[in-house]
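Quick notes on the structure that follows.
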Amino acid sequence: MWTASAVNLSHLFPVSLGNMLLLEGVAVVAVNAVLLRHADWHRMLGNFCFMIPFSYLVSGLASLMVKFGITNLPLIPAVILDIVGIMMIATGISIYQRINLILHPNDDLMQIIRFRFFHGNALWRS
């Protein structure tokens, strides 16, 4: 969701995808500090260590997909590739959030909200 919003914003404004992902991450680091009510420098350093390579890696891979014509595949192969990609991303995110060593600021935001406002529960019960 966050990466898709950065893609849309990079098309709206004259900013490259890598730079937009980086700008979005910096804004979320600031929001995280506000929600935590202090600047956790160790956490912020981890966010930047993850976010900087991630931003430009995603941008580079998006360029390669266009260059190799993956974005112009027929419907059935495109859907199959999308499903496989979603499954791989979901698996990767599950593993890396469980390890919880360093997180992307957007994922850290979700963790902060979960533990600060929902007392660690992933489900909201009324």
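Throughout, read-outs are computed from the coordinates displayed, never taken from laboratory work. Nothing here was measured: the structure is a model prediction, and the numbers come from that model. Counting neighbours? That spans all protein chains shown, and the Cβs are built from the backbone with ideal geometry, glycine included.
If R0 is 25 Å, what FRET efficiency do you get for Ala78 and Tyr56 from their C-beta distance, rounded to 0.05? My answer for the efficiency is 0.50.
Taking Cα atoms only, the orientation of helix 105-117 departs from the longest principal axis of the chain by about 40 degrees.
Per-peptide packing, taken as the mean over residues of other Cβ atoms within 10 Å, places 51-58, 31-38 in the sequence 51-58, 31-38 from highest down. Prolate is the label for region 61-126. Its Cα gyration tensor axes, ordered a ≥ b ≥ c, give a/c of at least 1.5 and a/b above b/c.
The ellipsoid equivalent to the alpha-carbon distribution of the chain has semi-axes of 29, 19, 13 angstrom, derived from the gyration tensor eigenvalues as √(5λ) and listed largest first. Report summary: the helix-based calculation at 222 nm, which adds -39500 (n - 2.57) for every DSSP H run with n ≥ 4 and divides by the residues of the chain, gives -26000 deg cm²/dmol.
What do you get when you divide the Cα radius of gyration of region 1-46 by 2.2 N^0.38 Å, with N the number of residues? Walk me through the intermediate numbers first.
Values: Rg = 12.3 Å, N = 46, 2.2 N^0.38 = 9.4 Å.
Against the compact-globule rule of thumb, the ratio is 1.30.
Segment Ala39..Asn19, full-extension length gain: 4.9 nm, with 0.36 nm per residue of separation and the alpha-carbon distance subtracted. Contact order, relative form, for the chain: 32 percent (alpha carbon pairs under 8 Å, 6 or more residues apart, mean separation divided by residue count).
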